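See below for the structure under consideration.
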Amino acid sequence: YDAIEAGDWDAAAAAYQQALKQDPRDEMAVSGLANVHLMQRVTGYDDAAIKAAAEHPGELTSALTTADLDLFNGNTEGSFNRLLALLPDADADTKETIRLRLLEYFNLVGLTEPSVIKARQKLSLYLY
């Protein structure tokens, strides 16, 4: 927790990864690591990246950036829907990138949250 309070995202990620090595089912560590990954990305976005994301919403990088910012700002469903909307026309690599990001989001928000359950169902439909 000290690393998180200090904004040392790399140290916080390492601590959570170590906890997961000891117990891969540690839900707090899974959620904590997802939160740290989100913070690493969000704090790394500069004005140019945010502007590019706004100008090109259909591009994968832009959608990922905007979805991160949506989630960070509490727009959970918006972040999920932004990425899910890209899946129907996506190639296999893009689908995998989106799937992994959404799984991280789901772990951060909580697997039993209604918005997560709904988004997981949509993800399954698009992937399988």
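Throughout, read-outs are computed from the coordinates displayed, never taken from laboratory work. Source: prediction; values computed, not measured.
When the Karplus curve 6.51 cos²θ - 1.76 cosθ + 1.60 is applied with θ = phi - 60°, which whole-Hz ³J(HN,Hα) does each residue of the stretch 63-75 get, with x for Gly and Pro?
Each residue's phi maps through the Karplus curve to give 5, 5, 4, 5, 5, 4, 5, 4, 4, 4, 8, x, 8 Hz.
Suppose we take every Cα in the stretch 61-128 and form the convex hull; what volume per residue is that in Å³?
70
Return the single residue from Tyr45, Tyr105, Tyr16 with maximal mean-square fluctuation; model: Gaussian network over the chain, springs between Cα atoms under 10 Å.
Answer for the Gaussian network model of the chain: Tyr45.
Considering the values (1) -0.40, -0.74, -1.11, -1.37; (2) -0.31, -0.60, -1.00, -1.52; (3) -0.45, -0.71, -0.96, -1.23, which represents log10 I(q)/I(0) by the Debye sum over Cα atoms at q = 0.11, 0.15, 0.19, 0.23 Å⁻¹ as calculated for the structure under consideration?
Recomputing log10 I(q)/I(0) by the Debye sum over Cα atoms at q = 0.11, 0.15, 0.19, 0.23 Å⁻¹ here gives the entry labelled (1).
Please express the Cα-Cα pair-distance distribution P(r) of the stretch 1-75 as a list of whole percents, one per 5 Å bin, running from 0 to the bin with the greatest distance.
Each 5 Å bin holds this share of Cα pairs: 3, 16, 22, 19, 15, 13, 8, 3, 0.
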